[in-house]
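Asks: Please read through the structure below; I'll follow up with questions.
The values are calculated or read from the model by the stated rules, or taken from the named source; none is laboratory data. Nothing here was measured: the structure is a model prediction, and the numbers come from that model. Every residue, glycine as well, gets a Cβ built from its backbone with ideal geometry; the counts of neighbours run over all protein chains shown.
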C-alpha cells in the first residue's frame, strides 16, 4: 500500500507523508546479488505521485545493476502533490536544483517550451503497445531527448507508458459528437488542450489523484481509474479509444549532470534501453490488474466501431495540420505512421470477459473482517510519530470476495469510505495482495482460527505503512 492510500485510511493530515517518508522512499535492493560497490553517486529523484510507477522502478533497478550499486537513486514521493501544473513546476524545480532528477510525463514539456515529443503524443497515432514498442525500438523518442535542454534541464531517458483512454461519468465517448460541449479532465498539456478543444470539448486540468467535480469525463489510464476509485462515480471507459500513451520522461539538472562521469551518464542512459521491454510489459500488466476491479464494480467498457474511430481521426485533422508545421515533428509523424502501417496492429482494447463476479472460486478466507487501527500501529511499524490531528483510532474493514478485495475505513463515526481495492490469491498458508493499478503483490502468511484471521510475515513489495495496516489479527464479522 502506498503512502497516499494509507493517509486516506487513517484520515491523517498532510504531514503524515513527511513523517513516514523514510519508510518507503528507496527501491529495495535485489536479494541474492553480489555485494554492492562503494556508492559513488547519490541522486534524488522527484515523482509526482505517492509512489514510483513500475516502469520507473525497473529503470532504477537497472541503474543499480549496471553500476553494481555505485549509483544510488533516492525517490522523493508526492512531489508537488495536489498541484494542477505539478509536472511543469517540477521541471522548474530540477532546473533550479531543488532536486537532482525527476520523472514527469513527456506531455508536460510543451508547457515549458519543448515540443519535440508531440509526434509521440499525437492523438490516436500510437494506439497500441506493439506500436509503442516499435517506435521506441526505432530510437525515435531518444532523438526527441535532444531538445529537452531548451527547458534548462538534461533529458536522461524516456520510457514507454500506459495508454490513456477516455472515461465517461454518465455517458461513453465514442464519436466526435460525444465530446461537443463536454468538460474533460486532464493532466495539464498544451497538446491535450488543443486536441480536446478541436473535438469541441473543454480541457479541465487536474492534479494527480484529483477528486473529480463538475466534469463529464477524464483522459486517464485504467490503473489510475481503478486506483483512484473513479469507477465509483463514472460508468464508462471506451475500451479501444486510446488518445495517446503516457511516456515517462526522466530529466536531470544541468549541475547534477555535470558532476557525473562519462561512465555514470552512460549507465543512466543504457538502463533505459534494458528497461524498455519491461516498461511495455508493466503497462500491459497494469491494465490487466485494473480490469477485475473495474469490472467487478460494474464499469462498462464499450467498444467504438471502426467508423466511429475513423470519424474521430478525421475530426482531429486540424491538430495534425498544426503539428506538421514543425519540420522535426512532421518527419517523426511520417516515421511513426510508416511503422503503424507495417504492423497493422488494432488499437489496444480491453474487455470484462472473464472478470465477472463468479470468475474466481471462493477462497478459505472469503468473508468480511474488521479491526481497529491507529497511531500506535504507525509508530510501531514505521518508528515515526504521526503529526497532531491523526485519529487515535480508525475502524478498518476488509472484504475478501472470490479473488476481489475491498478495504473500508471509518473514523470517529464518520462515513464508511473505500481505502484500498485490489485482488488476492491464496496458496496454502500464503496470501498475495495486489493493489489495483499495481503489478507487484504483497505477500503474507495467513491463518484462520475460528473467527480470527491472522496476517503476518509481510514480504515482497511493501513499506512500513503496509505493515501498520495488514500485519495484524482481524475478526470475522460474516
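Asks: On the basis of being touching a residue at least 24 places away in the same chain (Cβ under 8 Å), part of a helix (DSSP H, G or I), in the same structural domain as residue 316 (by TED's automatic domain parsing) and in contact with a strand residue (DSSP E or B) (Cβ under 6 Å, 6 or more places away or on another chain), does residue 225 make the cut?
Replies: Numbers: touching a residue at least 24 places away in the same chain (Cβ under 8 Å): yes; part of a helix (DSSP H, G or I): yes; in the same structural domain as residue 316 (by TED's automatic domain parsing): yes; in contact with a strand residue (DSSP E or B) (Cβ under 6 Å, 6 or more places away or on another chain): yes.
Judged against the criteria, residue 225 is a match.
Asks: Take residue 99 and decide whether it is within 20 Å of residue 41 (Cβ to Cβ), touching a strand residue (DSSP E or B) at 6+ places or on another chain (Cβ under 9 Å) and either surrounded by fewer than 21 Cβ atoms within 10 Å (Cβ to Cβ) or in the same structural domain as residue 266 (by TED's automatic domain parsing) (or both). Explain how you work it out, then say what you get.
Replies: Values: within 20 Å of residue 41 (Cβ to Cβ): yes; touching a strand residue (DSSP E or B) at 6+ places or on another chain (Cβ under 9 Å): yes; either surrounded by fewer than 21 Cβ atoms within 10 Å (Cβ to Cβ) or in the same structural domain as residue 266 (by TED's automatic domain parsing) (or both): yes.
Here the answer is yes, as residue 99 does meet what is asked.
Asks: Going by the structure shown, is residue 203 outside any strand (DSSP E or B) and either surrounded by fewer than 20 Cβ atoms within 10 Å (Cβ to Cβ) or at negative phi (or both)? Please lay out each step first, then the result.
Replies: Working: outside any strand (DSSP E or B): no; either surrounded by fewer than 20 Cβ atoms within 10 Å (Cβ to Cβ) or at negative phi (or both): yes.
Criteria not met by residue 203.
Asks: In the set 268, 309, which member is farther than 30 Å from residue 405 by Cα, part of a helix (DSSP H, G or I), in contact with a helix residue (DSSP H, G or I) (Cβ under 7 Å, 6 or more places away or on another chain) and in contact (Cβ under 8 Å) with a residue 12 or more places away in the chain?
Replies: Values: 309 fails: in contact with a helix residue (DSSP H, G or I) (Cβ under 7 Å, 6 or more places away or on another chain).
Testing whether each residue is farther than 30 Å from residue 405 by Cα, part of a helix (DSSP H, G or I), in contact with a helix residue (DSSP H, G or I) (Cβ under 7 Å, 6 or more places away or on another chain) and in contact (Cβ under 8 Å) with a residue 12 or more places away in the chain leaves just 268.
Asks: Quick one: how many residues across the range 228-243 are within 15 Å of the chain's Cα centre (by Cα) and either in a helix (DSSP H, G or I) or at pLDDT 95 or above (or both)?
Replies: Step one: of the range 228-243, the residues within 15 Å of the chain's Cα centre (by Cα) are 228-230.
This time we only want the ones that are either in a helix (DSSP H, G or I) or at pLDDT 95 or above (or both), so: 230.
Summing the residues that are within 15 Å of the chain's Cα centre (by Cα) and either in a helix (DSSP H, G or I) or at pLDDT 95 or above (or both) in the range 228-243 gives 1.
Asks: Among the helices (runs of 4 or more DSSP H) lying completely within the range 58-167, list those that include at least 3 residues that are within 18 Å of residue 205 (Cβ to Cβ).
Replies: Details: elements: 86-95, 129-137, 140-144.
In the range 58-167, 86-95 are the helices (runs of 4 or more DSSP H) which contain 3 or more residues that are within 18 Å of residue 205 (Cβ to Cβ).
Asks: Now for a separate question. Restricting the range 340-370 to residues that are outside any loop (DSSP other than H, G, I, E, B) and buried (at least 18 other Cβ atoms within 10 Å of the Cβ), which is modelled with the highest pLDDT? Walk me through how you get there before you give the answer.
Replies: At the first step, the residues of the range 340-370 found to be outside any loop (DSSP other than H, G, I, E, B) are 340-343, 367-370.
Subsequent filtering for residues that are buried (at least 18 other Cβ atoms within 10 Å of the Cβ) retains 340, 367, 369.
Details: 340: 97, 367: 92, 369: 94.
Checking each candidate, the answer is 340.
Asks: Determine whether the range 218-226 contains at least one residue that is at pLDDT below 95, on the phi > 0 side of the Ramachandran plot, within 15 Å of the chain's Cα centre (by Cα) and surrounded by fewer than 24 Cβ atoms within 10 Å (Cβ to Cβ).
Replies: Scanning the range 218-226 turns up no residue that is at pLDDT below 95, on the phi > 0 side of the Ramachandran plot, within 15 Å of the chain's Cα centre (by Cα) and surrounded by fewer than 24 Cβ atoms within 10 Å (Cβ to Cβ).
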